[in-house]
Amino acid sequence: MRHQGEDGSPGALPLDGVVVLDFSQFLAGPSCALRLGDLGARVIKVERPDGGDASRSLFLAETAFDQDSALFHAINRGKQSYTADLKHEGDLAAVKALIARADVLIHNFRPGIMDRLGLGWDRVCALNPRLIYAGVSGYGPDGPWRDRPGQDLLVQSLSGIAWLSGDAGGAPVPAGLSITDMMAGAQLCQGILALLVRRGVTGKGGRVDVSLIETAIDLQFEHLSVYLNRGGAMPARSDVANGNVYLAAPYGIYATADDYLALAMTPVDRLSDVIDLPPLADFAPDRWFADRDAIKALIRDHLATRATADWLALLEPAGIWAAPVLDWPALMAEPAFAALDATQQVRSPDGAALTLTRCPIRVDGAILTSPRAAPRLGADRASIDREFGQ
């Protein structure tokens, strides 16, 4: 993949020449490898011969592309596929030959599996002292949760994230995205990049590990930093339009006459003037948190009387932090979405096209895109074996 700088001149991407072996599957590890690939690395996906990465057959809404699920292409576009049975002596020897020449190895096997395969850190760093060895697990290497299934919804539930959402008295509400998976992938990517920088100074590789549960805990640093220093009292969720357990009214999402409207941090007395709701002015600033449910109930009932566009016509010129709540069709109809150029097309070997999101990072002012879809299972083993002298 190449990009052009702001002056239009072609340039190499930051990770050109870096070889990444991606042993991971599903989302956290593959999303990390994807981002390294977006930044110029060559990513070789090492997969089981019998089916490969399980997400090849994980069809969301039965959406398929080029023999596999569209989801698989979304998080594995631009990679190469190398099939190997790690329990087969010949295949394991071939994989070790790749490791000896690679820069980064990513895996998300449960703790202890790589050691049993003969590919644990101690063995691998002896084989290639310059290697960056990166692992992602569900719950870390130790402790009573060590062998639990490392799945995003379960981690959201165990970590407190699901509890934070939803109104008081209602059920916990998980995020609608696999946020701990994707953020763990991002954290792993940061660790890899840091070790690549260190290797540039010392010449030695290193090991980086993240877990979904530690990622989920870190995601809550705002809230946990308050909780840990206030005597252990759990915060209360709002009864009305709960948006953040520690923020005062009016923070939250409200129904309007035709849709929904989000209100962020806003002085309640200022909001009272702008939307012509005099009772709000009766609440002193030092009560905006303590009386948030009473304040929000007044706002809720008032906003329900007019359409979202009518309220925005008042709020936005007044500098009030507000936004409509958009679904995907509405988002994509916005000129702002078109200005971002946020999607790209990838193509299969037979020329079929699939529209996906692109890398959100810009380098030298340029958007990073790649036209290659995810690889067919094992498509690159023969050429890689020839290249690496197998």
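The values are calculated or read from the model by the stated rules, or taken from the named source; none is laboratory data. No experiment lies behind these values; they were computed from the predicted model shown. Positions of Cβ are generated from backbone atoms using ideal geometry, with glycine treated the same way; all protein chains shown enter the neighbour counts. Note: areas computed on protein heavy atoms with side chains; ligands, DNA, RNA excluded. Shrake-Rupley method; radii C 1.70, N 1.55, O 1.52, S 1.80 Å.
The strands (runs of 3 or more DSSP E) found wholly in segment 277-390 and carrying at least 1 residues that are over 22 Å from the mean Cα position of the chain (by Cα) and in contact (Cβ under 8 Å) with a residue 24 or more places away in the chain occupy 322-324, 343-347.
Within segment 70-106, the set of residues being part of a loop (DSSP other than H, G, I, E, B) and either of a type outside the set (Gly, Ala, Ser) or at pLDDT below 95 (or both) comprises 77, 79, 85, 86, 87, 88, 103. Scanning segment 206-245 for residues that are over 30 Å from residue 301 (Cβ atoms) and in a loop (DSSP other than H, G, I, E, B) turns up 220, 228, 229, 230, 231, 232, 233. The set of residues in segment 168-185 that are surrounded by fewer than 16 Cβ atoms within 10 Å (Cβ to Cβ), touching a Ser or Thr at 6+ places or on another chain (Cβ under 9 Å) and touching a residue at least 60 places away in the same chain (Cβ under 8 Å) contains only 168.
Looking at segment 224-239, is at least one residue open to solvent by 30 Å² or more (accessible area, probe 1.4 Å), farther than 30 Å from residue 149 by Cα and modelled with pLDDT of 95 or more? There is at least one residue in segment 224-239 that is open to solvent by 30 Å² or more (accessible area, probe 1.4 Å), farther than 30 Å from residue 149 by Cα and modelled with pLDDT of 95 or more.
Scanning segment 61-70 finds no residues that are under 15 Å from the mean Cα position of the chain (by Cα), of a type in the set (A, V, I, L, M, F, W, C) and over 20 Å from residue 137 (Cα atoms). For segment 186-215, the set of residues classified as within 16 Å of residue 159 (Cα to Cα), more than 12 Å from the chain's Cα centre (by Cα) and open to solvent by less than 60 Å² (accessible area, probe 1.4 Å) consists of 210, 211, 213, listed by residue number.
Take the conditions of a type in the set (Gly, Ala, Ser) and assigned to a helix (DSSP H, G or I) and apply them to residue 248. Does it pass? Taking the combined requirement at face value, the residue does not satisfy it.
Taking segment 365-390 only, how many residues are surrounded by 14 or more Cβ atoms within 10 Å (Cβ to Cβ) and on the phi > 0 side of the Ramachandran plot? The qualifying residues number 1.
Answer yes or no as to whether residue 250 is over 21 Å from the mean Cα position of the chain (by Cα) and surrounded by 21 or more Cβ atoms within 10 Å (Cβ to Cβ).
Values: over 21 Å from the mean Cα position of the chain (by Cα): yes; surrounded by 21 or more Cβ atoms within 10 Å (Cβ to Cβ): yes.
Yes, satisfied.
Residue count for segment 20-69 satisfying the condition of being surrounded by fewer than 21 Cβ atoms within 10 Å (Cβ to Cβ), assigned to a loop (DSSP other than H, G, I, E, B), free of Cβ contacts under 8 Å to residues at least 40 places away in the same chain and in contact with a strand residue (DSSP E or B) (Cβ under 6 Å, 6 or more places away or on another chain): 2. Within segment 325-344, not a single residue is modelled with pLDDT of 95 or more, among the hydrophobic types (A, V, I, L, M, F, W, C) and surrounded by 16 or more Cβ atoms within 10 Å (Cβ to Cβ). Of the residues making up segment 268-291, just one is open to solvent by less than 70 Å² (accessible area, probe 1.4 Å) and acidic (Asp, Glu), namely 291. No other residue among 118, 143 is open to solvent by less than 50 Å² (accessible area, probe 1.4 Å), within 30 Å of residue 387 (Cα to Cα), free of Cβ contacts under 8 Å to residues at least 60 places away in the same chain and not polar (S, T, N, Q) apart from 118.
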